[in-house]
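Have a look at the structure below before the remarks.
The values are calculated or read from the model by the stated rules, or taken from the named source; none is laboratory data. Note that the structure is a prediction, hence the values are computed from the model and not measured. Quick reminder, even Gly has a Cβ in these numbers, built from the backbone with ideal geometry, and neighbours come from all protein chains shown.
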Amino acid sequence: MQYDVLICGAGPAGSTCGRLLAGQGFKVAIFDQASFPRYKPCGGGLTGKAQGELAPGWEDLVEDSAGEVIFYHRQKDPLPVNSDGAVIKMVSRERLDAWLLEGAARAGAAVRDGYPIAAVRETESGVAVQGADGRVWEGSFLVGADGARSLVRRSLPFQTEATDGITLECEVPAADGVLEGYRGQVLLSYGGIPAGYGWVFPKGDHLSVGIGSFTRQVKGLRRYFDTFCRGLGLPIPLQLRCRGAVIPAAGGQGGVFHTRRALLVGDAAGLVDPFSGEGIYYALRSGRLAAEAIQTVAGGGGGLEAYSRQLNDELLQPLHYAWQIARVVYALTPVVHRLVTANPEVARRLVEVLFGSATYEDLWHYLRERYAIFRLV
Ligand SMILES: Cc1cc2nc3c(=O)[nH]c(=O)nc-3n(C[C@H](O)[C@H](O)[C@H](O)COP(=O)(O)OP(=O)(O)OC[C@H]3O[C@@H](n4cnc5c(N)ncnc54)[C@H](O)[C@@H]3O)c2cc1C
């Protein structure tokens, strides 16, 4: 069967792109190797920016809301900071992604989950994907929404520059009373792992506890994780939902995210904030931009290069400031923790940026004007 658009990957990026295109009458097929609902290692924190990209109805998925961040340094010296009204909403990725995919199916996209794609191809006249069962599907456009280890990215001549970081995330069932102590707040602990942090996010019936580093040099992630849990007095999970995952941190340098007939979106394009690890907003937003770009090109309005330009200008250029801030914070974590502790205005501005209600660019200029350490890079 001939499709207009083939989408490889049904995370937030692929499902959003598929929903919008199918809603405009495009014949869309979405493939995912996993059967939905599927577990995805993720904190499931939705910033204000991400919330603004979701279609109505997502509020029903929210398991907790946090208006406060508690910053730690090596699980010590807690610094609670309230946001000025901005709130992070906690969701389960299992439920969010299933809901997004249902939305795409309702809009008319054909969904094939539990179906790994083994090869992709682009010719002058079209694109094709081949399932692991050998079957070939043809279309006019291809969207690579297949996450951090994207097959689409590796198969076609894109140019991306993300640095792969590593993470370990566990769902920790909280004993009676423990969960209540974490409600309404997110806990971030810096300094316990090179170039990264540990987190605790409250969910409906458990805590999402994890640790990650934006460099792959770190070895023995489990050891860092155990130290993190022990430092906070959390039970060390031995079981089940404790999974490692790659996180592709953007360097903010820009790239080429299109070919003649294919686009990369979300993690496949390396669109993750290199300071905070936020990726859901970038997945949703790039999914939308990709849908708009395909619509324009299918309507005879130029080529897909406008999509790369838009990604570079709208998403990656601001992340360049996140990358600059990350370089200082992760190199000089104890100094920065003292600075933030001593300056409530810095702490407040930082939380606003983390919650998505202020920009890294403003924060970067604010910090550089006032503190010499931010002029070192
Ligand atoms: C531990 C951790 C914690 C995180 N916490 C947060 C957070 O709290 N907030 C936030 O905003 N971001 C967070 N992120 C980042 C966020 O999870 C990602 O940026 C986001 O999931 C990207 O969405 P996506 O649609 O691009 O890719 P994904 O959600 O990764 O979806 C890609 C899909 O492609 C499928 N796929 C891959 N290969 C194939 C193939 N060959 N054939 C068919 N299907 C394929 C996969 O099965 C998957 O379903 C976190 C990331 C990690 C690793």
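Between Leu21, Leu54, the distinction of being out of contact with any Phe, Trp or Tyr (no Cβ under 8 Å at 6 or more places or on another chain), assigned by TED's automatic domain parsing to the domain that holds Leu207 and within 13 Å of Leu284 (Cα to Cα) belongs to Leu54 only. Apart from one condition, Leu263 fits all of (1) within 22 Å of Val120 (Cα to Cα); (2) assigned to a helix (DSSP H, G or I); the exception is (2). In region 257-306, which residue that is of a type in the set (Asp, Glu) and away from the ligand (no atom under 12 Å from the Cβ) is surrounded by the most Cβ atoms within 10 Å (Cβ to Cβ)? Only one residue fits best here, namely Glu292. I'm trying to understand the selection: among the residues of region 110-133, which are of a type in the set (Gly, Ala, Ser) and either farther than 17 Å from Arg38 by Cβ or modelled with pLDDT under 95 (or both)? If the condition is that a residue be of a type in the set (Gly, Ala, Ser) and either farther than 17 Å from Arg38 by Cβ or modelled with pLDDT under 95 (or both), then Ala110, Ala118, Ala119, Ser125, Gly126, Ala128, Gly131 are the ones that fit. Applying the criterion of at least 3 residues that are more than 16 Å from the ligand (Cβ to nearest atom) and in the same structural domain as Ser35 (by TED's automatic domain parsing) to the strands (runs of 3 or more DSSP E) found wholly in region 71-168 leaves 76-82, 136-144.
Of everything listed in (1) touching a residue at least 24 places away in the same chain (Cβ under 8 Å); (2) outside any helix (DSSP H, G or I), the single unmet condition for Gly300 is (1). Restricting the first member to region 112-130 and to residues that are more than 21 Å from Ser15 (Cα to Cα), and the second to residues that are of a type in the set (S, T, N, Q) and surrounded by 15 or more Cβ atoms within 10 Å (Cβ to Cβ), the beta-carbon pairs closer than 7 Å and six or more apart or on different chains are Glu122/Thr259; Gly126/Ser140. Scanning region 204-250 for residues being farther than 24 Å from His73 by Cβ, away from the ligand (no atom under 14 Å from the Cβ) and surrounded by fewer than 17 Cβ atoms within 10 Å (Cβ to Cβ) gives a total of 5.
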